[in-house]
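Enquirer: Take a look at the following structure, please.
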Amino acid sequence: REFTLEELHEYNGKELGKPIYVALRGSVFDVTSGAEKFYGPGKSYAKFAGRDITRNTAMFSTKEKDLDRTDYPEEKQKAVDKSYERTYVKKYPIVGTLAPYTYTVPEEEKEDTTPRGGAEYPDQVPGAKWDAKKQRFIYPK
């Protein structure tokens, strides 16, 4: 079964008798068996219940702002894959997939790539650094 993000939110552990689901890497897991220790109301990962935890997993984050996001640095892919295979696939049944959704990164989280001070060439901006991996200049704020 394919779940929309809105449908996934309904499986948040707040309704007695309803399963608890989380999504990771596009798969939806039934984590109800972990409710008593982790995902149930008042437990350490209760805020993950009914949410896409892909970014949280990548960033080792429990922050609300990282829920329902799939954007994360490329170098964090191994962490996501490891958690997916060793924790979720191993412990919890997959009950479906998460339909693609769009998340807009807040302006304050975006990297500034605009040259400063009217410089004609990016490398003339004081403090500008070339990011070889991203193949672009990163400018100081």
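The values are calculated or read from the model by the stated rules, or taken from the named source; none is laboratory data. Keep in mind that what you see is a predicted model, and the values were worked out from it rather than measured. So basically every Cβ, Gly included, is an ideal-geometry build from the backbone, and we count neighbours across all protein chains shown. Only protein heavy atoms, including side chains, enter the accessible area calculation; ligands, DNA and RNA are left aside. Shrake-Rupley method; radii C 1.70, N 1.55, O 1.52, S 1.80 Å.
Enquirer: Within region 2-98, what whole-number % of the accessible surface is contributed by carbon and sulfur, with the 1.4 Å probe and all protein chains included in the calculation?
Expert: C and S fraction of accessible area: 50 percent.
Enquirer: May I ask you to give the solvent-accessible area per residue for region 2-98, in square angstrom, as obtained with a 1.4 angstrom probe?
Expert: Numbers: 5400 Å² over 97 residues.
Accessible area per residue: 56 Å².
Enquirer: Return the percentage of antiparallel bridges among DSSP beta bridges fully within region 2-98, rounded to the nearest 5 %.
Expert: Antiparallel: roughly 75 percent of the beta bridges in region 2-98.
Enquirer: If you don't mind, there's one more thing I want to ask. So if I restrict to the alpha-carbon atoms in region 2-98, what is the Rg, and what is Dmax, the biggest pairwise distance, in Å?
Expert: 12.2, 39
Enquirer: Would you please give the FRET efficiency between residue 89 and residue 38, computed as 1/(1 + (r/R0)^6) with r the Cβ-Cβ distance and R0 = 22 Å, to the nearest 0.05?
Expert: Efficiency, from the Cβ-Cβ distance: 0.85.
Enquirer: Here is a follow-up. Using modelled backbone amide H atoms (1.01 Å from N, in-plane), which distant-in-sequence or interchain residues come within less than 5 Å of residue 28's amide H?
Expert: 95, 96, 97, 98
Enquirer: Obtain the nm distance between the two label points defined at residue 107 and residue 76 by a simple spin-label model: each point lies 7 Å from its Cα along the Cα-to-C-beta direction.
Expert: Those two pseudo-labels are separated by 2.3 nm.
Enquirer: At residue 1 and residue 59, where each label point lies 7 Å from the Cα along Cα→Cβ, what is the point-to-point distance in nanometres?
Expert: 3.0
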